[in-house]
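Working notes for the structure below.
The values are calculated or read from the model by the stated rules, or taken from the named source; none is laboratory data. Note that this is a predicted model, so its numbers are computed, not measured. No Cβ is skipped: glycine too gets one built from the backbone with ideal geometry, and neighbour counts run over all protein chains shown.
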Amino acid sequence: MKLWFDGGCRPNPGVLETSVVTGGKAHIRADCGSGDNNDAEWLALIHALELAQGLGAKDVALLGDAAMIVHQARGEWPCKTERFKAYHARFTALAAQFDRVRVRHIKRQQNLAGIALERHHGKL
């Protein structure tokens with residue numbers, strides 16, 4: 001199962017929101033607390049795994065445009081702050097419940113979840 005994820009923050013820092021697109025449907029969570037764009041991206045990645053779990057998926061590809069979050073999730077870059085370490089631990093615990101989880105970096109214009117967030121705000 002492919003899931004595109006993106007997080008938003010308006011303003012930055014400010015109110016967080018997440019978007020996940022799978023199966024041609026956008027799943028948007030508004031008002032996910034407050035923080036910065038990195039918090040929003042981590043929450044979007046976690047939202048994608050929660051959604052995949054709820055749909056009964058066992059093999060998932062998570063596609064996002066936030067390079068730092070993708071590399072941290074894959075264990076290639078360190079999580080230097082406590083909040084990023086907490087997000088990574090939550091992601092890892094969720095990922096362990098799947099047979100296979102891949103996290104891939106894509107270009108911004110390829111991110112269906114980002115496009116869905118922009119449409120949600122009437123900017124497209």
**Message:** Tell me yes or no: at least one residue of segment 7-20 is assigned to a strand (DSSP E or B), surrounded by 21 or more Cβ atoms within 10 Å (Cβ to Cβ) and among the hydrophobic types (A, V, I, L, M, F, W, C).
**Reply:** yes
**Item:** Residue check, GLY33 at pLDDT below 95, out of contact with any Cys (no Cβ under 7 Å at 6 or more places or on another chain) and at positive phi
**Value:** yes
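Quick one: which of ILE46, ILE28, ILE115, ILE106 is at pLDDT below 95 and of a type in the set (A, V, I, L, M)?
It is ILE115.
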**Asked** Can you name the number of the only condition in (1) within 12 Å of LEU3 (Cβ to Cβ); (2) free of Cβ contacts under 8 Å to residues at least 40 places away in the same chain that ALA89 fails?
**Response** (1)
